[in-house]
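One structure is given below, encoded as structure tokens.
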Amino acid sequence: MTDRETATTLRELIEERTIVVCCGSGGVGKTTAAGALAVEGARLGRRTCVVTIDPAKRLADALGLESLTNEPGRIEGDWEEPGELWALMLDTKTTFDDLVGRYAATPEQATLILSNHLYRNIAGALSGTQEYMAMEKLFELHDEGRFDLIVVDTPPTRNALDFLDAPRRLTRFLDNRIFRLLVMPTRTYMRMVGVATQAFLRTVAKVVGSDVVKDAVDFFAAFEGMEQGFRERAQKVLDLLSEPVTAFVLVAAPRRDAIEEALFFASRLQESDIEVEALIVNRLHPRFGQVPSVLTSPEAAAAPAAAPLAALVGNLRDLEGIAEREERYLKSLTRQVAPAPVVRVPLLDHDVHDLNGLGQVGRYLLGLEEG
Amino acid sequence: MDPGAFCAQARLLIVAGKGGVGKTTVTAALARLAARTGRDALIIDVEGKSGLGNIFGHLEPLTYQEAVLAESGGPDSGEIRARTLTPDDALLEYLVDHGMNRISKRLASSGALDVVATAAPGIKDILVLGKVKQLERASVAGAPGAADLLVLDAPAAGHAFTFLASARALLDAVTVGPIRAQAAEVLEMLSDPGRCQVMLVTLPEETPVNEVVETAFKLEDQAGVHLTPVVVNGLYPVHDLDIDPAVAATAARVPLTEAEVASLRRAATFRMHRQELQTDQTDRLAQALPLSQLHLPFLFTTELGAAEIDLLADALEAEIAKLPDLAPLNLPEDAGAEAGAGAESEAAGAGSGADNPQPAEPG
């Protein structure tokens, strides 16, 4: 990646890029940020789709996401022509099913896989699957070409590494050597599977039961021949993420754990030659002005007549103190993502759970209001 | 309720909540409170990445070996220890315990572990909980070096439910073998309020409140665990700020500039608005979830150290003192005659006395 001369603004990102990926740890307001960016995209006249993972219920309702269709639903609003706003809530299982359908040689093969016990557990149990399917859905939507801008909210990953590692994780799983050896045509099987492998699987069966091992063997038998298609697809998805049409936006909250995770995330993206193009910091305490230097001695503050003023000053001191500390805390993160712009969204006096609320956050994101 | 009695309800307290609500902080405060009541507390970190050590000034990352985070402060206080217990740790120990030391490396390196874990979802969680159960048994037996209270910092968000429901899920998926036996034993521990209870943590905000209500019902109904009072974290301490700063300044005989008056007024308005919002949310929580609430203050700091944990432990202690005394729980047979039907484990397990009904369906 080349060094950028100037920082891009969030407004430029949603006007010019095709894909904006919002990442960050859980509970920092990623979904809200993604929703707000999408609303602004539509307002700026782009055909926009937001892909969310697990929106809070009221926000989901506001976006018309009460049913899981895995297809974008349209949201009416005051968008500039030809702007549109669509929203989709990711259904990991259906996305995976569609992918199986796409790469199966015959409908029978697809049916066999879809009904396998192990396959039915993959979406819920194999870590990284949800992350990968979010990327897969993004790739599909991009491929269809019906949107100018796709904004993706990423799953609240336990470990930031999972996110970029997810496609490879899945293909590694599908390539599992031990189980694939077992499903090779019989004669090869006899030659290649050593006594050790059989003994190994017998031991595994002793621990978890033979049903589990049988499910796994059946799955790999049904999947035979599809790994190549899956691997190529995963590579294409990864490639799309590092293309210049894609922008990564890091979302953080000014809490110690969230900042630490954001720092880790930023360095991890940089290792993969992906730059953070903007940093959104949510829920910063607002500033109210300097604390007046009155009632500074304990005696003055303790006087009964001064009690009401002491309470007011104490409150301002609390709020200014936390705002200053948050600002100081942000410095390391700001340095790490430089020259990416840092966009501040203050702690609002209400929760965001409708289009108006998203619009309000959007004004801060686009710099129309200062946070 | 006496804080000692609170810490003695069960040997294992599992602290759960969505990301960002302060689960780890509450875990630390709870351990501190237990230590104050003379109990050695062991914090168990199942994700292997928590900042718990840092909070107590213990700079090395936590490991599978217990580390002392805070020494005992005297004969009446216990110490705080911590360790990790990740799925990988648990699996390795399980295999070694079952004489399968030699295949353990191969299981991980060949990727077969992923395949097995997918075929039998919850298997990793069961291994972790199985090990926790061992620690709980050692604690009950008073084994040398065993802690008096185990505080488990549960996986975040939706993972907490999957984690705690893993025993039931596994019993459905795996029909034979030692893992199944382990799941059955774990289920027995989780569903016994005298052995294990779950403390949910939330924030006084719309989304966290909705989520904690949903999680509480799911955990009771589907995972069969018992809940302590729910912790509402990060509440702005309530002050009466409905005062005109100009009037207050005159009363105090202090000169203020117009700009200062305006700053004080805006800050007071903001604080009062947040106070009102948090009251709305705690009221809403009380309506939707018939569990007592333990309120912890927002500390106006970004740093979290031993001093802050002490403040939170103070608050926790004061809140617990407000709870009614527990109905006797799991009485031995000779004392059983005293306990009426209504005082039995279900209601007491909800943590706030025998008159506490089981949660109704959320509205």
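What the table below lists for this structure:
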read-out: Residue within region A:285-294 that is surrounded by 15 or more Cβ atoms within 10 Å (Cβ to Cβ), more than 30 Å from residue A:165 (Cβ to Cβ) and at pLDDT below 90 present; value: yes
read-out: Residue pairs meeting the criteria (Cβ under 6 Å; at least 6 apart or on separate chains; first without any contact (Cβ under 8 Å) to a residue 60 or more places away in the chain, in region B:17-45; second of a type outside the set (D, E, K, R) and not in a loop (DSSP other than H, G, I, E, B)); value: B:35/B:41; B:35/B:80; B:37/B:3; B:37/B:4; B:37/B:7
read-out: Identity of the residue in region A:295-310, more than 10 Å from chain B (Cβ to nearest Cβ) and assigned to a loop (DSSP other than H, G, I, E, B), that ends up most open to solvent (accessible area, probe 1.4 Å); value: A:296
read-out: Residue selected from region A:233-245 under the condition assigned to a helix (DSSP H, G or I) and more than 21 Å from residue A:114 (Cβ to Cβ), by the criterion most open to solvent (accessible area, probe 1.4 Å); value: A:236
read-out: Criterion violated by residue A:320 - all others in (1) assigned to a helix (DSSP H, G or I); (2) over 36 Å from the mean Cα position of the chain (by Cα); (3) at pLDDT 90 or above satisfied; value: (2)
read-out: Search result, residues across region A:342-354 that are among the hydrophobic types (A, V, I, L, M, F, W, C) and at pLDDT 85 or above; value: A:342, A:343, A:345, A:347
read-out: Selection count where residues are touching a helix residue (DSSP H, G or I) at 6+ places or on another chain (Cβ under 6 Å) and either buried (at least 22 other Cβ atoms within 10 Å of the Cβ) or more than 19 Å from residue A:234 (Cβ to Cβ) (or both), scope region A:137-146; value: 1
read-out: Members of region A:89-98 found to be touching a residue at least 24 places away in the same chain (Cβ under 8 Å) and open to solvent by less than 50 Å² (accessible area, probe 1.4 Å), listed by number; value: A:89, A:90, A:92, A:94, A:95, A:96
read-out: The one condition in (1) open to solvent by less than 10 Å² (accessible area, probe 1.4 Å); (2) out of contact with any helix residue (DSSP H, G or I) (no Cβ under 7 Å at 6 or more places or on another chain) that residue B:190 fails to fulfil; value: (2)
read-out: Those residues of region A:324-337 which are more than 10 Å from chain B (Cβ to nearest Cβ) and open to solvent by less than 20 Å² (accessible area, probe 1.4 Å), in sequence order; value: A:333, A:337
read-out: Enumeration of residues in region A:75-127 that are under 15 Å from residue A:222 (Cα atoms) and acidic (Asp, Glu); value: A:97, A:108
read-out: Residue A:363 being over 23 Å from the mean Cα position of the chain (by Cα) and surrounded by 14 or more Cβ atoms within 10 Å (Cβ to Cβ); value: no
read-out: Residue within region B:222-229 that is within 14 Å of chain A (Cβ to nearest Cβ) and open to solvent by less than 10 Å² (accessible area, probe 1.4 Å) present; value: no
read-out: Qualifying residue in region A:343-358 (condition: closer than 17 Å to residue A:10 by Cβ, surrounded by 15 or more Cβ atoms within 10 Å (Cβ to Cβ), more than 10 Å from chain B (Cβ to nearest Cβ) and out of contact with any strand residue (DSSP E or B) (no Cβ under 9 Å at 6 or more places or on another chain)); value: yes
read-out: Lone qualifier among B:256, B:285, B:264 - being under 25 Å from the mean Cα position of the chain (by Cα) and either more than 10 Å from every other protein chain (Cβ to nearest Cβ) or hydrophobic (A, V, I, L, M, F, W, C) (or both); value: B:285
read-out: Subset of region A:275-294 (residues that are charged (D, E, K, R), within 14 Å of chain B (Cβ to nearest Cβ) and not in a strand (DSSP E or B)); value: A:287
read-out: Any chance residue B:245 is at pLDDT 95 or above and touching a helix residue (DSSP H, G or I) at 6+ places or on another chain (Cβ under 9 Å); value: yes
read-out: Tally, over region A:147-174, of residues that are modelled with pLDDT of 80 or more and of a type in the set (Gly, Ala, Ser); value: 1
read-out: Residue among A:128, A:83, A:101 that is at pLDDT 90 or above and open to solvent by less than 40 Å² (accessible area, probe 1.4 Å); value: A:83
read-out: Selection count where residues are within 11 Å of chain A (Cβ to nearest Cβ) and closer than 17 Å to residue B:174 by Cβ, scope region B:102-161; value: 17
read-out: Region A:311-323 - residue that is open to solvent by 10 Å² or more (accessible area, probe 1.4 Å) and at the interface with chain B (Cβ under 7 Å from one of its Cβ atoms) and, of those, farthest from residue B:251 (Cα to Cα); value: A:321
read-out: Of residues in region A:251-274 being on the phi < 0 side of the Ramachandran plot and assigned to a loop (DSSP other than H, G, I, E, B), the one surrounded by the fewest Cβ atoms within 10 Å (Cβ to Cβ); value: A:272
read-out: Region B:140-169 residues that are at positive phi, paired with ones that are open to solvent by 40 Å² or more (accessible area, probe 1.4 Å) (beta carbon under 6 Å, 6 or more apart); value: B:157/A:156; B:157/B:18
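The values are calculated or read from the model by the stated rules, or taken from the named source; none is laboratory data. In this text, all values refer to a predicted model and were calculated from it rather than measured experimentally. Reconstructed Cβ throughout: ideal geometry from the backbone, glycine too, with neighbour counts over all protein chains shown. Surface areas here come from the heavy atoms of the whole protein model, side chains and all, with no ligands, DNA or RNA. Shrake-Rupley method; radii C 1.70, N 1.55, O 1.52, S 1.80 Å.
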